1. State whether one or more residues within region 86-97 are closer than 27 Å to Ser474 by Cα and free of Cβ contacts under 8 Å to residues at least 24 places away in the same chain.
2. Determine the pairs where a residue that is within 16 Å of Leu419 (Cβ to Cβ), located within region 380-402, has a partner that is part of a loop (DSSP other than H, G, I, E, B) and open to solvent by less than 80 Å² (accessible area, probe 1.4 Å) with Cβ atoms under 6 Å apart, the partner being 6 or more residues away or on another chain.
3. Within region 373-397, which residues are in a loop (DSSP other than H, G, I, E, B) and surrounded by 11 or more Cβ atoms within 10 Å (Cβ to Cβ)?
4. Find all pairs meeting these conditions: Cβ atoms under 8 angstrom apart; at least six residues apart or on different chains; first residue within region 300-311 and closer than 11 Å to Arg179 by Cα; second residue small (Gly, Ala, Ser).
5. In region 398-431, what count of residues is obtained for those that are in contact with a Leu (Cβ under 7 Å, 6 or more places away or on another chain) and either at pLDDT below 80 or part of a loop (DSSP other than H, G, I, E, B) (or both)?
6. Is it the case, given these coordinates, that Glu16 is surrounded by 15 or more Cβ atoms within 10 Å (Cβ to Cβ), modelled with pLDDT of 90 or more, within 26 Å of Asn489 (Cα to Cα) and not hydrophobic (A, V, I, L, M, F, W, C)?
7. Specify the residue that is farthest from Val97 (Cα to Cα); the eligible residues are those in region 457-474 that are among the hydrophobic types (A, V, I, L, M, F, W, C), within 30 Å of the chain's Cα centre (by Cα) and at pLDDT 95 or above.
8. So Glu321 clears everything in (1) open to solvent by 60 Å² or more (accessible area, probe 1.4 Å); (2) out of contact with any Cys (no Cβ under 9 Å at 6 or more places or on another chain); (3) at pLDDT below 90; (4) closer than 21 Å to His272 by Cα except one condition, right? Which one?
Amino acid sequence: MKGIKNSPTEESLYLEYSHQTEGCILPLHTSVALFLLSYCDCKVFTVCLVLSEENADTSLLREVLSQDLDIQVISRQALPPIVQNCCLPAVVEQPDVFCRAGLAVVLRHIIQKSYEAEPSRKEILELLGFKKTCLKACAEVSQWTRLCELTIPLAVENFLQESSDQPPAIPEEILQLERKLSEPVRVHNDDKLRRQKLKQQKIAGVKPPSSKGKPRGNAGAQQPCKELAGSSKSLELKVAFSKLTVQDTAATNREPSDIRKAKTSDLPPLEHVFAEGLYFTLADIVLLPCVHHFLVIICKKFSEKLEQFPLLASWYQRIQEVPKVKTAASKCGIHFLCLPEVLNSASKSYLNSNEVIAVEEQNDPFFTGGPRPTMTKLMEKGIEAMFSPHPCPSWTLDWNSLPAAVSPKEGKMSTDRALRKQQQLNNLVYMVLNQAKPGDRIVDFCSGGGHVGIVLAHMLPSCQVILIENKELSLIRAKKRSDELGLSNIWFIQANMEYFTGMFNIGVALHACGVATDMVIEHCIQTRASFITCPCCYGFIQNTSKFNFPKR
């Protein structure tokens, strides 16, 4: 590989280099990150492959990766301390106190930095999707993020390791993706586009399928469309590729009366061009290396199973038409397959409700969360909230004697809310001060703008305080306040809490949203750490992949 020089932004990207499976010498998370770097032509990071084993074979890297990719290979011991406490991939800003960890967070940061370096490339920013929310939600609460970020890469890696002469079981996650591609598309201009499609079908003399009585997300209700799979003239393809080729998406002429007055239930559904619908997004970037390596094994050893994935095969072929994708993929050792002719809509569907196990959360219809139902039930039983003076006035901090940046008033909130926040901090901080010992590591989970962590770091200079938060802007505000105070015992990690793997002594969480409070407590118990938590102020909890309520 070429030599590395520190980038002007002084940010380092650390990617895992561990096991080698058949046809895939890099972990899929690493392949995804390198593919995105190549697609964006991003040069702003120092890129390091981190060896999980000292004697790992790196000879194949030169054969697979393009010489255009500047990469260092380092040992795990050479990682900055903050990164050693996180799952890879991770990005660290100098001076190694602000870390972003986890695939989705890191990829979104790469996109943002690439666009900042080259603002003329609007297609880079559009990878973040409508309102820039693509893969933004945490995997713990978003089924789609979890599927792309965690379960599909893991399932495909397991599939590659298990593949032998005997056909292995097709990962349920791949079946889930095929089913996802069969669902009608929802976009922000959904009604307008569906009316254009109805007009197009009437001109072509095609009778649109009636959607009356059918839920729009019914996985088994829709077969792959011949028009979409085989023609570049369909409305979906025109709209999808218009953004990629900088053309007008559609005519703006007023629609005929019969099209304007058509009922929404009579409009034809839009079909997937890309993973999230009509537009090429970060989700496609994530899925491409995973699906590619899966199809390599299928075509090589079990080609008869390819007919189970007509929509996935169509998606795989369309991805190749996106400008710069083929070039970027080849630099990362991804050379597209020539698949057999895509199966038409008459093919047998393998995706009925009896064969695919959905990952949808199962909610108890008798369980109701939230503060209002709870308070209503209490009042019906004659229980009312009573307010009394604080039983321990000595717990109150002397906020006037503390630096201004310590106060939550500096955290962009109203005066009334800041006062309530101070009252909450009085209680939590007192408990931590009585629990902490010099040298302890304290983690402020779901830290937001750092209202808890900054006070603790200021008042416990002999302890290490770590703020963990998924929202980037909140952590940036917290770091600004920390810099004003000159704190040297504080780290900032933008990540889901499960990506933090370090040991700690005390876990703290103030108003961790919904189920996150339960996750914090579980994380602390597993680490054998003390915990001091105050649940979500809204009180709403819902069933997720990790927890079901009510707990028994």
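1. The answer is yes; a qualifying residue exists.
2. Trp399/Ser407
3. Hits for region 373-397 are His390, Thr396, Leu397.
4. Between residues of region 300-311 that are closer than 11 Å to Arg179 by Cα and residues that are small (Gly, Ala, Ser), the close pairs are Pro310/Ala229; Pro310/Ser347; Leu311/Ser182.
5. Number satisfying all stated conditions: 1.
6. No.
7. So the residue we want is Ala457.
8. Unmet condition: (3).
The values are calculated or read from the model by the stated rules, or taken from the named source; none is laboratory data. Quick caveat: nothing in here was measured; it's all calculated off a predicted structure. With ideal geometry, Cβ positions are generated from the backbone for all residues, glycine too; neighbour counts draw on all protein chains shown. These accessible areas exclude ligands, DNA and RNA; they are computed on the full protein's heavy atoms, side chains included. Shrake-Rupley method; radii C 1.70, N 1.55, O 1.52, S 1.80 Å.
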